[in-house]
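The structure under discussion appears below in the form of structure tokens.
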Amino acid sequence: MKNQPTNPSDLKGTVLNIQRYCSHDGPGIRTTVFLKGCSLRCKWCGNPESIAFKPELSYDPQKCTGKACGRCLKPPFPEGAFYFVEGDDERVKVNWDLAADCDQALASLCPTGALEMFGKLMTVNEVLDEVEKDASFYRNTGGGMTISGGEVMLQPDFAAALLKGAHERGFNTAVETACNVPWSFIEKVLPHVDTMLHDHKLTVPERHKKWTGVDNKRILENFKKAYETFPDVVFIARTPLIPGVNADEEHIRAVLEFIRPHKNVIDYELLPYHRFGLGKYELLGEVYELDDYKTPSADLVARLQAIIDEAFGRKEKTSPGGN
Ligand code: SF4
């Protein structure tokens, strides 16, 4: 981000949302700060609002009162960005190309909340003051702050300042990352991280490219370098488990082979695919491509989990929840 201040507390980043009382993103009760911007295009992504760096407009037709309101048909809204179709229902339609430049000031003119922005600029201190509200939970449970995305490492100065500030306030820190970034970005962030949760999405480079838009060469190099350069960080590998994509024994065994030589990789979690985020594509005027895919069966998850448990020398492990 250009023209950033020199005081780290005043650095600004694009924050999608801050979620309190999380329990799957690191130890204890946590507050998870979601940043905007991602360098992958996973076809199953349930968080399309986290992909673009800029704050962006969303439109929920269920909340639009249509002709009874009509506020977005007039200036200062861009001409033609919103319109009615005669004979259709009473709600406005959106020309997403013309509406792309709408900002928070315009969205806030919508009286019903049908128009909202995904994401806003916040300073490090503004985020940490929000996180601080649950400090007593962190103290009692060993929890703290997790930064997720999007891709955390794509805002390396902001993420590093947030994590350093969280440590200074006495909070445990964690990041969720796919590490598809230059090593120099990771190097800035990891000195301030207690736990790094990282995605092994697919193992075969061509398949990784097919499903996420990039191959995994740089990602795997970054994981290995991170394990070796930061021995005090706790690493937890994860796979978002999608039938027909990666929910197979071959992938699970390949990930285990990659991580097991590194003793600071303490676990490998399976995150069964779910369809919760799909309505958000419609709010952004986009189409979800992976419509036919299903959540993995409990039997399949249990079978793959058993392979992991055996590799980690555990008799059994309850399945984690996941995204
Ligand atoms: S301003 Fe909001 S409620 Fe009014 S017509 Fe536009 S989208 Fe609908």
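Miscellaneous remarks
- Unmet criterion (only one of (1) more than 16 Å from the ligand (Cβ to nearest atom); (2) on the phi > 0 side of the Ramachandran plot) for GLY113: (1)
- For the stretch 103-131, a tally of residues being open to solvent by 80 Å² or more (accessible area, probe 1.4 Å) and not in a loop (DSSP other than H, G, I, E, B) returns 6.
- Here is the figure for the stretch 83-102: residues that are surrounded by 13 or more Cβ atoms within 10 Å (Cβ to Cβ) and outside any helix (DSSP H, G or I) total 9.
- Residue-level check: of (1) open to solvent by 70 Å² or more (accessible area, probe 1.4 Å); (2) touching a residue at least 12 places away in the same chain (Cβ under 8 Å); (3) within 28 Å of VAL33 (Cβ to Cβ), ARG71 misses just (3).
- Checking each residue in the stretch 29-44 for being open to solvent by 20 Å² or more (accessible area, probe 1.4 Å), under 26 Å from ASP194 (Cα atoms), part of a loop (DSSP other than H, G, I, E, B) and not β-branched (Val, Ile, Thr) picks out CYS38, SER39.
- Residues in the stretch 298-323 that are open to solvent by 60 Å² or more (accessible area, probe 1.4 Å) and either modelled with pLDDT of 95 or more or of a type in the set (Ser, Thr, Tyr) (or both): ALA298, ASP299, ARG303, GLU310, THR318, SER319.
- Condition met for ASP267 (out of contact with any His (no Cβ under 7 Å at 6 or more places or on another chain), surrounded by fewer than 16 Cβ atoms within 10 Å (Cβ to Cβ) and modelled with pLDDT of 95 or more): no
- Verdict on GLU286 being under 22 Å from the mean Cα position of the chain (by Cα), in the same structural domain as ALA174 (by TED's automatic domain parsing) and at pLDDT below 95: yes
- The single condition among (1) farther than 25 Å from TRP44 by Cα; (2) surrounded by fewer than 23 Cβ atoms within 10 Å (Cβ to Cβ) that MET145 does not satisfy is (2).
- Among the residues making up the stretch 5-28, those that are open to solvent by less than 20 Å² (accessible area, probe 1.4 Å) and either over 18 Å from the mean Cα position of the chain (by Cα) or at pLDDT 95 or above (or both) are GLY13, THR14, VAL15.
Conditions (1) within 16 Å of the ligand (Cβ to nearest atom); (2) in contact with a helix residue (DSSP H, G or I) (Cβ under 7 Å, 6 or more places away or on another chain); (3) assigned by TED's automatic domain parsing to the domain that holds LYS294, marked per residue:
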residue	(1), (2), (3)
THR31	no, yes, yes
ARG71	yes, no, no
PRO75	yes, no, no
PHE82	yes, yes, no
ALA105	yes, no, no
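The values are calculated or read from the model by the stated rules, or taken from the named source; none is laboratory data. Given the structure is predicted, the values throughout are model-derived calculations rather than measurements. All Cβ positions, even for glycine, are placed from backbone atoms using ideal geometry, and neighbour counts span all protein chains on display. Side chains are part of the model used for accessible areas, which takes the heavy atoms of the whole protein and leaves out ligands, DNA and RNA. Shrake-Rupley method; radii C 1.70, N 1.55, O 1.52, S 1.80 Å.
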